[in-house]
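Please treat every number below as a calculation from the coordinates, not as lab data. Predicted, not measured: the structure shown is a model, and the values here were computed from it. For neighbour counting, all protein chains shown are included, and Cβ atoms are generated from backbone atoms with ideal geometry for every residue, glycine included.
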Amino acid sequence: MSAAHGARLLAALLTLALWHTPAAGAAQSVSLQAALQPERLGSDTTIEFGFQIATARGRVPPPLTELDLSYPANIGLVTSGLGIQSCDAATLEAHGPEGCPADALMGHGRALVELAVGPEIITETGEITTWMGPIENGHLSLLFYANGETPVYAQPIFTGLILEAPPPYGGQLDTQIPVIGGLPGGPDAAVVRMRATIGPKDITYYKHRHGKTIAYQPRGLLLPPRCPHGGFPFAATFAFLDGTHTSAHTTVPCPTR
């Protein structure tokens, strides 16, 4: 092999390696949104939360693998009247939401997924339902069921545990997000936007009384009688498949009197 041919081969190999290796230090930014609907102190409410992930140059971000959401203190999740029954991941996987009891439903949402196919970015929107899961090691758990059909047919299930959190937060929803496979031989899909609720909004439960089935709206998460100084704080940390992490914060302002 001549020196010139060897130099050309080395250059080609380096070019190929750079083409297939993610850019070192590539970062993504995340914005966090939160709302309380309705926001009436001392009354029941629904938590609405969401996020959006963006990267430089409009590329698809690495797949999200973990989301830890910290929510305000003194919000009565345990005493909310929600999730009086539970569902499990095996039932969701085998039968979908139709297999879970209606009284285990905790909320609704939507997620946007991006997938790189050559130079193009394909998007897919999936519906999300949130369910009360089984108790795990003494902690409440939530199950997020996402339904996507095209271009990638997938029904991933995200499992979240309700854990303790330091002040000014009252708890943390620690959610593990499975990697969503893309098209055969292509890169994995990435969740880039999500919006979800935990609360009675658009939820119907059923109870039996005197031989009749009665539909009703469950109570919500109880807001404290006083607003924390500066408003209701939310924070989230995000972990990605490439080992990077980022965080975001937001606050729901105190309601006007």
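Data table
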| quantity | calculated |
| --- | --- |
| Simple spin-label estimate for residue 188 and residue 31 in nanometres, 7 Å along Cα-Cβ | 2.6 nm |
| The range 138-205 - charge dipole about Cα centre, Lys and Arg +1 at Cβ, Asp and Glu -1, debye rounded to 20 | 160 debye |
| Unit charges at the beta carbon, dipole of the chain: most positive-side option, 232, 128, 28 | 232 |
| Shape parameters for the chain, alpha-carbon atoms, Rg then Dmax in Å | 22.0, 93 |
| Nearest 10 degrees, 0 to 90: helix 3-20 Cα axis against the chain principal axis | 10 degrees |
| The range 107-257: Cα Rg divided by the 2.2 N^0.38 Å rule of thumb | 1.27 |
| Residues whose placed amide H lies under 5 Å from that of residue 133, excluding near-sequence neighbours | 87, 141, 142, 143 |
| Relative contact order (%) - criterion: Cα under 8 Å, at least six apart; region: the chain | 27 percent |
| Residue among 184, 173, 148 farthest towards the positive dipole end of the chain, charges placed on Cβ | 173 |
| Expected 222 nm ellipticity per residue - DSSP helices of 4 or more, -39500 (n - 2.57), all of the chain, to 500 | -3000 deg cm²/dmol |
